[in-house]
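Below: the structure, in structure tokens.
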Amino acid sequence: MRNELARAEVLRLQRIESFRHDPLGFVEWAFPWGEGVLAGHEGPEAWQRKVLAQIGEGLRAKKGPVRVAVASGHGVGKSALVSWLILWAMATTPGTRGVVTANTETQLKTKTWVELGKWHRLVMSHNWYSLGATALVSALPGSGESGRVDMVPWAANNAEAFAGLHNKGSRLLMVFDEASAIADTIWDTAEGALTDAGTEIVWLVFGNPTRTAGRFHQCFGRLRNRWHGHHVDSRSVSLTDKEQLARWVADYGEESDFVKVRVRGQFPAAGSMQFISADLVDAAMNRLPDLMVDRHQPLVMGVDVARFGDDSSVMVLRKGRNARAWRIERHRDLDLMTLASRVMDRAMAEGVKGIFVDEGGLGAGVVDRLRQLGARFVVGVNFGSGAERWDADGAKPLYANKRAEIWGNLRDWLKTGCLPPDPELRADLTGIEYGYNAQGEIQLEKKEDMKKRGLASPDIGDALALTFAAPASSFAWDLTVPVQEFYKTDYDPFAKFDEDYWWPQNDEFDE
């Protein structure tokens, strides 16, 4: 019996050796397609088969490094393909050395490495590898110390971590996941590994095409002669939710940047899709307010009302350029009446002159209750209503709706504004993306679409943006004091008020 098992293992080793330059054949043979968790899956998707076959052809041609770049929409199976190629490389050349990196350490740990773990459990050669928290190591004889693929988070100030990528006389595998966000310095350092003679080199880069600058974009542009480039439309893949994709097309438009990037796997027309840059936010968080400049500015509050159980209702205060001096207040699982009372209490305690509330959905109840409590200046802001700011030529609205407009006002303010060094606020401001609708108006990514990308709802960012729904001067009680306006809008904060809605006269509140 032991001899039979040994002979079977030898035969399996010989069979796998035949796939050294045939990753497609390996993937078709090494996994239990149509069975168990793979029931209903008969093999790789068409685009995956094409990439696998192309790598095999490149290796057999022996004309230097094989470079493949894939720009795709969401949910097409990029991480699965990455996992197959890692397992193929290690099984067919035990001395393979490789590195896998991604745009963030979180992406590596929670997406790329988790997917590798899934396929590692399914592969026929499971016992030939040892999968750890940060490395897949070969357990086959003859692999030596070089038989490993490591998970390495990148950092622009630590590019030397990629400088030692050499494996002369064997095989070298480099994988960049979500490559559009990986800094050019990392790409430049990785290029040094391509100088090894007598080495099989496979460099694979995958990602959503979010930016029209950088090395990932160049793989499809001026450097396309060096790369095998592929664009993958999410609608062409059996794995994706076609109803959701159709909703995105209906919401944003077939030619919008959002659909180009998230569905069609095409680069946007307007450069980076990040609406607010990290540099702009970091500068505002490092800037200290000038209290003398803002002393006559009215204090206003933005209130974002949570719609789902995992979101927070948030209160943010701002006085002119200063949003740093007041704590950000977050609440979860509060009913509307309790939330309205908390808002009223905070407004009275701080001397708030005006309250902006997102009145869409549940927020309308908060607006009504605040008015019932006697709040004087409560502005219900409908994110989906029309924008007031027009383009420079006055030909059309600059923004698709009110939410995009107030975020645009916030972005303008950040050039001189002061923010608290709050990591959740930073994530909210830098995480949101944008595109253009069919009319050429700026349209922000929806909250639910951010969640599908693995990001939290930008509740704090929305609360801060709400404070820009109308000019601050609308709430200056002493109209003889000059008030600086940072933007102009025709939005009327008093449109829904009558004489019944007034603050109670209170000497403590009337500063």
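Test of understanding: what is the full-extension gain from Ala427 to Ala364, defined as 0.36 nm times their sequence separation minus their Cα-Cα distance?
20.0 nm
Please give the peptides 221-228, 461-468 ranked by average Cβ packing (other Cβ atoms within 10 Å per residue), highest first, as a rough proxy for protection.
Details: 221-228: 13.1, 461-468: 27.9.
Sorting 221-228, 461-468 by mean packing, highest first, produces 461-468, 221-228.
Please give the net charge around Val366, taking every other residue with its beta carbon less than 11 angstrom from that of Val366, where Lys and Arg add +1 and Asp and Glu add -1.
Numbers: positive: Arg342, Arg369, Arg371; negative: Asp304, Asp335, Asp358, Glu359, Asp368.
Within the 11 Å Cβ shell, the charges total -2.
Work out how much length His296 to Ser341 would gain on full extension: take 0.36 nm times their residue separation and subtract the Cα-Cα distance, in nm to one decimal. Intermediate results must be reported in sequence, preceding the final value.
Numbers: separation 45, 0.36 × 45 = 16.20 nm, distance 2.73 nm.
Full extension of this stretch gives 13.5 nm more.
Viscosity 1.306 mPa s, temperature 10 °C: what is the translational diffusion coefficient of region 228-365 from Stokes-Einstein with a Kirkwood Rh over Cα pairs, rounded to a whole number of µm²/s?
Numbers: Rh = 18.8 Å.
Approximately 84 µm²/s, per Stokes-Einstein.
Alpha carbon centre of region 374-436 versus region 258-333: separation in Å?
For region 374-436 versus region 258-333, the Cα centre distance is 9 Å.
Obtain the nm distance between the two label points defined at Asp412 and Ala349 by a simple spin-label model: each point lies 7 Å from its Cα along the Cα-to-C-beta direction.
3.4 nm
Report the gain in length on full extension from Ala61 to Glu255: 0.36 nm times residue separation, minus Cα-Cα distance, nm rounded to one decimal. Could you put the intermediate results ahead of the total?
On the way: separation 194, 0.36 × 194 = 69.84 nm, distance 3.89 nm.
The Ala61-Glu255 span can extend by a further 66.0 nm.
Could you tell me the calculated FRET efficiency between Glu17 and Ala53, based on Cβ-Cβ distance and R0 = 25 angstrom, to the nearest 0.05? Intermediate results must be reported in sequence, preceding the final value.
Numbers: r = 19 Å, r/R0 = 0.76.
FRET efficiency, Glu17 to Ala53: 0.85.
Take each of the peptides 353-365, 239-251, 273-285, average the number of other beta-carbon atoms within 10 Å over its residues, and list them starting from the highest. The partial results should precede the final answer.
Working: 353-365: 21.6, 239-251: 14.1, 273-285: 17.2.
Going from most to least packed, we get 353-365, 273-285, 239-251.
Readers should treat all values here as calculations from the given coordinates under stated rules, not as data from a laboratory. What you see is a predicted model, and the numbers here were worked out from it, not measured in a lab. When we count neighbours, we look across all protein chains shown, and the Cβ atoms used for this are built from the backbone with ideal geometry, even at glycine.
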